[in-house]
Amino acid sequence: MVKKKAGVLGATGSVGQRFILLLENHPDFELHALGASSRSAGKAYKDAVVWKQTGLLPKSAENIQVEECKPEGRFADCDIVFSGLDSDYAGEIEKNFRDAGFAVVSNAKNYRREPDVPLVVPTINPEHLSIVEKRVTDAKAAGKQKPGFIVCISNCSTAGLVAPLKPLVDAFGPIELLTATTLQAISGAGFSPGTPGIDILDNVVPYISGEEDKMEWETKKILGKVNKQNDGFDLLSDDEIKVSAQCNRVAVSDGHTECISLKFAKRPPPSLEQVKQVLRDYECDAAKLGCYSAPSQTIHVLEENDRPQPRLDRNRDNGYGVSVGRIRPDPVLDYKMVVLSHNTVIGAAGSGILIAEILKAKNVI
Ligand SMILES: NC(=O)C1=CN([C@@H]2O[C@H](COP(=O)(O)OP(=O)(O)OC[C@H]3O[C@@H](n4cnc5c(N)ncnc54)[C@H](OP(=O)(O)O)[C@@H]3O)[C@@H](O)[C@H]2O)C=CC1
Ligand SMILES: N[C@@H](CC(=O)OP(=O)(O)O)C(=O)O
């Protein structure tokens, strides 16, 4: 089978490097173009990047010449463009690619709140992709060129948060109240400049700019529904769910931990065993579609008292699975639990790849 050509914007960064690792030997996509700032453009990737992953830099990427982030050069041949761009620059660059007819899957925050841009965690709300599927199908039927589009991946902490929420809401109805306290890995802060060691060693930093607002807002879009016209989304209202997030940076390399408590609208609430069973039984649509990167177990329910832990549990299902442990009654709300998700896999680049696999399976790209 001919592989689709993939480009990576922001290829030298934390998310960009993860894209390159995940695209190595991928059955559907081959890495074709790499873009970064003018500081990196013109260099072979191995000379432009400061590689910080525990997996080795793939040989196939070493000598690709990094380009400026423009829809020309090697990017012109790409079927899909993944973006791990700094959000200060992502807005204009991603728009240029979309306007030039490219399918763009972005990790940046810039377009997440646009009414016609899907905000997708592929194991949780892939049905939100139907609005781009419709646009592409309508254009084909009218004999027009494929339109460009942007699909956004959620904030990395939001991705972990919504994983247990979606199956619970599907099974037991709305969650009225939700609190989340995060312990976020330093890879989430990116590499340019990144979190200085002196700030994080022997320390916890109780502030991550913009993060709490993103978790509180994005949850309402992801748990919302595609509208009747299939051209936008009906977000959950504040009356349907109240979310309160507190975000902290901790000295962990990869993997965001979140301590969450929730209250169902339904009275009496489901039993503890029902809650656990629904999480265990949840199978994502990407797995049903046979997507290569889909986790075999979307949510891993752990019973040990001291799990999940980032170092031990972040790579479950290659980082595409989310771990949920310590599920227990909450004396204030109904239940509390600890969620762990890999911030650069299911929280970023991995989600991008899985979204692309779904789009390919549905002939959108
Ligand atoms: N890290 C994470 O866990 C997550 C990150 N995100 C989002 O993904 C995006 C990337 O984050 P992250 O990888 O952490 O960031 P990094 O700081 O590690 O990487 C930023 C990338 O953007 C490139 N860049 C910077 N300036 C320009 C420019 N003027 N033109 C073109 N490219 C430029 C850099 O290239 P160069 O090396 O040449 O400077 C680099 O490749 C951000 O928008 C972030 O908010 C989303 C979810 C999770
Ligand atoms: N802010 C997240 C990573 C990130 O960049 O998120 P966003 O894509 O929403 O800006 C973290 O610090 O872990």
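The values are calculated or read from the model by the stated rules, or taken from the named source; none is laboratory data. All values reported here derive from a predicted model rather than from experimental measurement. A quick note on method: Cβ atoms are made from the backbone with ideal geometry, for glycine too, and the neighbour counts reach across all protein chains shown.
On the stretch given as region 132-161, residues that are over 22 Å from the mean Cα position of the chain (by Cα) and of a type in the set (S, T, N, Q) total 2. With respect to the conditions (1) modelled with pLDDT of 95 or more; (2) over 22 Å from the mean Cα position of the chain (by Cα), residue 238 falls short on a single one, namely (1). Looking across region 269-285, not a single residue is free of Cβ contacts under 8 Å to residues at least 60 places away in the same chain, within 19 Å of the chain's Cα centre (by Cα) and over 12 Å from residue 164 (Cα atoms).
Of all residues in region 212-230, those being in contact with a helix residue (DSSP H, G or I) (Cβ under 6 Å, 6 or more places away or on another chain) and among the acidic types (Asp, Glu) number 1. Number of residues in region 85-120 that are under 14 Å from residue 154 (Cβ atoms) and either in contact with a strand residue (DSSP E or B) (Cβ under 7 Å, 6 or more places away or on another chain) or touching a residue at least 60 places away in the same chain (Cβ under 8 Å) (or both) equals 12.
Being closer than 12 Å to residue 309 by Cα and charged (D, E, K, R) is the filter; apply it to region 242-260 and report the residue that is nearest to ligand 1 (Cβ to nearest atom). Within region 242-260, the match that is nearest to ligand 1 (Cβ to nearest atom) is 254. For region 208-241, name all the residues that are away from ligand 1 (no atom under 16 Å from the Cβ) and either hydroxyl-bearing (Ser, Thr, Tyr) or assigned by TED's automatic domain parsing to the domain that holds residue 54 (or both). Within region 208-241, 237 is the sole residue that qualifies.
Of the residues in region 140-153, at least one is touching a Phe, Trp or Tyr at 6+ places or on another chain (Cβ under 7 Å), of a type outside the set (Phe, Trp, Tyr) and within 12 Å of ligand 2 (Cβ to nearest atom). Residues that are more than 22 Å from residue 253 (Cβ to Cβ) and in contact with a Leu (Cβ under 6 Å, 6 or more places away or on another chain) were ranked within region 46-80; the one that is surrounded by the fewest Cβ atoms within 10 Å (Cβ to Cβ) is 64. Here residue 210 passes the criteria (1) in contact with a strand residue (DSSP E or B) (Cβ under 8 Å, 6 or more places away or on another chain); (2) within 13 Å of ligand 2 (Cβ to nearest atom) except the one numbered (1).
Quick check, is residue 274 of a type in the set (S, T, N, Q), out of contact with any Asp or Glu (no Cβ under 7 Å at 6 or more places or on another chain) and outside the structural domain of residue 30 (by TED's automatic domain parsing)? Yes. Under the condition of being within 23 Å of residue 209 (Cα to Cα) and either of a type in the set (Gly, Ala, Ser) or more than 16 Å from ligand 2 (Cβ to nearest atom) (or both), the residues counted in region 164-181 number 3. Name the single residue that is nearest to the chain's Cα centre (by Cα) among those in region 168-207 being within 11 Å of ligand 1 (Cβ to nearest atom) and not in a loop (DSSP other than H, G, I, E, B). Out of the qualifying residues, it is 188.
Beta carbons closer than 8 Å, at least 6 apart along the sequence or on distinct chains, pair a first residue in region 332-347 that is over 18 Å from residue 264 (Cα atoms) with a second that is at pLDDT below 95 and among the hydrophobic types (A, V, I, L, M, F, W, C) for 344/15.
For region 83-99, the set of residues classified as within 13 Å of ligand 1 (Cβ to nearest atom), part of a helix (DSSP H, G or I) and closer than 23 Å to residue 28 by Cα consists of 94, 97, listed by residue number.
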